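Chemist: Take a look at the following structure, please.
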Amino acid sequence: MNATITVGNTGLYLDGQFVSNAIPEVRGLYTKTSEEAPSTIEISVSVGNLPPKTLFVPVEGLNFATLHKDFPAMSCVGSKRRELFDAWLHNLYVQSPEDYYHGTSSLKIGSFVTENGILQLPYGTLGAIEGGETLGLEKHYVIIDSKLATISVLRDVYVAATLWLPLLLSLPNAALMVLGFTLLSMVRSAVLNAGIHLQAVLFVTGLQGIGKTTLISRFVSFITKGISPNKPALFFDLGSSLAGLRIAMTTYRDLPIVADNACKSASKAVQRKREEVLAQIIREAANAAPIMKASPGGNQVELENVASVLFTAEDTPKNESDLTRCILVKISEQPDLPEELTPDMVSAIR
């Protein structure tokens, strides 16, 4: 079937009969770091006089329907022709590695990254993923899962050590603890891979209105939402954003996540419920309990926290076992933080 399909100036033809106006070309194969077979394919599609369009599609979605969703100008009328197109496209994918290894194509062989944080490519190169950007991997073919690109990490900021070192020396102890924990969170996976046991949970307590949230936000605001660059990302209210918090805990590896405002309630029943929720999130953050997620088939799957979590609350956890999972920072007075402690400054320090 594929032997009789030819590429013409205006599309694909089968024994002289028109099949499609689209001419696809496999440009790259990308493999997840934990797998061996490619999971994502880079396809360049040409249609008539339109500029070629580059599409990234999963291997299981390598067909006309998937390409057409992102490039509606493609045409392939009739189920038989679409079957021909899909079969030809699949053969193109299978043949592309052979052409590459025989030196007859310039195929890109790269990695498809689904996790933030420190990364080691299959051939040994070390680098990192920060949101939708790479660090130290610029010479390699790497594509990043779109879910990671929803955040932006401030980078490439230079501030002389003669400016930030005196600033650090002037910070109160509580601020230094939060800064140190934030910096540790950026290398959390490397610490764990080195065989060092680390329960990355920081718990900041103090009276309502004393400045717990303000303190933490000064150190994590270098991570922002991609669509709202002035709004800190990975900031969740324990009272209303549990689902989002858990998604972030299983997604944003090697980044600090804030679980804010575990406040008291006048209602004993409500207070008890809040304490139960707080205890459960602490256990999940310390990976003492799995994070449960519903799979498409309706079953529950177990996930683990891959981030570092900073809690704010008026009181410390009630259970001693939960206390031992936390680094405690108690605030008794409003932290005196210098105006120079900006997101740019924190990014430069890290």
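Chemist: Quickly rank 201-208, 158-165 as a protection proxy: mean count of other C-beta atoms within 10 Å, highest first.
Modeler: Result, highest mean Cβ count within 10 Å first: 201-208, 158-165.
Chemist: Dipole of the chain (Lys/Arg Cβ +1, Asp/Glu Cβ -1, origin at the Cα centre): which of VAL159, SER146, VAL178 lies farthest to the positive side?
Modeler: VAL178
Chemist: Then there's this: Could you order peptides 286-299, 313-326 by the average number of other Cβ atoms within 10 Å of their residues, highest first?
Modeler: Order by mean packing, descending: 313-326, 286-299.
Chemist: Looking at the range 2-109 only, what percent of DSSP beta bridges run antiparallel? Nearest 5 please.
Modeler: 90 percent
Chemist: Hey, what do the phi angles of the range 51-64 turn into as Karplus ³J(HN,Hα) couplings, whole Hz, using 6.51/-1.76/1.60 and θ = phi - 60°, x for Gly and Pro?
Modeler: x, x, 10, 8, 10, 10, 10, x, 4, 6, x, 7, 7, 4
Chemist: Can you say what percent of the DSSP beta bridges in the chain, counting only those with both residues inside, are antiparallel? Round to 5.
Modeler: Around 60 percent of the beta bridges assigned by DSSP in the chain are antiparallel ones.
Chemist: About its Cα centre, what dipole magnitude does the range 2-109 give when the only charges are +1 on Lys and Arg Cβ and -1 on Asp and Glu Cβ, stated in debye to the nearest 20?
Modeler: In total the dipole reaches around 340 debye.
Chemist: Using the Cα centre of the chain as the reference point, and only Cβ charges (+1 on K/R, -1 on D/E), how large is the resulting charge dipole? Debye, rounded to the nearest 20.
Modeler: Roughly 680 debye for the chain.
Chemist: Give, to the nearest whole percent, the P(r) tail of the range 154-349 beyond 22 angstrom, counting all Cα pairs.
Modeler: Across the range 154-349, Cα pairs with separations above 22 Å total 49 percent.
Chemist: Let me know the Kirkwood hydrodynamic radius for the chain, please, with Cα pairs as the basis and the value in Å to one decimal.
Modeler: In the chain this quantity evaluates to 23.4 Å.
Chemist: Using a Debye calculation, one point per C-alpha and no hydration shell, please list log10 I(q)/I(0) for the range 110-152 at q = 0.20, 0.26, 0.28, 0.34 Å⁻¹ in order.
Modeler: The Debye formula, applied to the Cα set alone, gives -0.51, -0.87, -1.01, -1.42.
Chemist: Would you grab the residues whose amide H sits under 5 Å from the one on LYS108? Only those 5+ places off in sequence or on another chain, please, with H modelled 1.01 Å from N.
Modeler: So LYS108 has HN proximity to GLY28, LEU29.
Chemist: Considering the options PRO58, VAL220, GLY110, tell which one lies farthest towards the positive end of the dipole of the chain, charges being +1 on Lys and Arg and -1 on Asp and Glu at the Cβ, about the Cα centre.
Modeler: Of PRO58, VAL220, GLY110, it is VAL220.
Chemist: Roughly how big is the range 42-83's charge dipole about its Cα centre, with Cβ charges of +1 (Lys, Arg) and -1 (Asp, Glu), in debye to the nearest 20?
Modeler: With only Lys, Arg, Asp and Glu charged at Cβ, the dipole is about 200 debye.
Chemist: Moving to a separate point now. Sort ASP260, ASP99 so that the residue with the fewest other Cβ atoms within 10 Å of its own Cβ comes first and the one with the most comes last.
Modeler: Details: ASP260 21, ASP99 14.
Listing ASP260, ASP99 from fewest to most nearby Cβ atoms yields ASP99, ASP260.
Chemist: Any of LYS225/LYS273; LYS53/LYS139; LYS212/LYS318; LYS53/LYS108; LYS225/LYS330; LYS225/LYS293 with alpha carbons more than 26 Å apart? Name them for me.
Modeler: LYS225/LYS273; LYS225/LYS330
Chemist: Next question, about the same structure. Considering only DSSP beta bridges whose two residues both sit in the range 154-349, what percent are antiparallel, to the nearest 5?
Modeler: Around 25 percent of the beta bridges assigned by DSSP in the range 154-349 are antiparallel ones.
Chemist: Still on this structure, I have one more. At a 10 angstrom cut-off on C-beta neighbours, averaged per residue, how do the peptides 50-62, 75-87 rank from highest to lowest?
Modeler: Result, highest mean first: 75-87, 50-62.
A short reminder: the numbers here are calculations on the coordinates, not readings from a lab. Quantities reported herein were computed from a predicted structural model and do not represent experimental measurements. Positions of Cβ are generated from backbone atoms using ideal geometry, with glycine treated the same way; all protein chains shown enter the neighbour counts.
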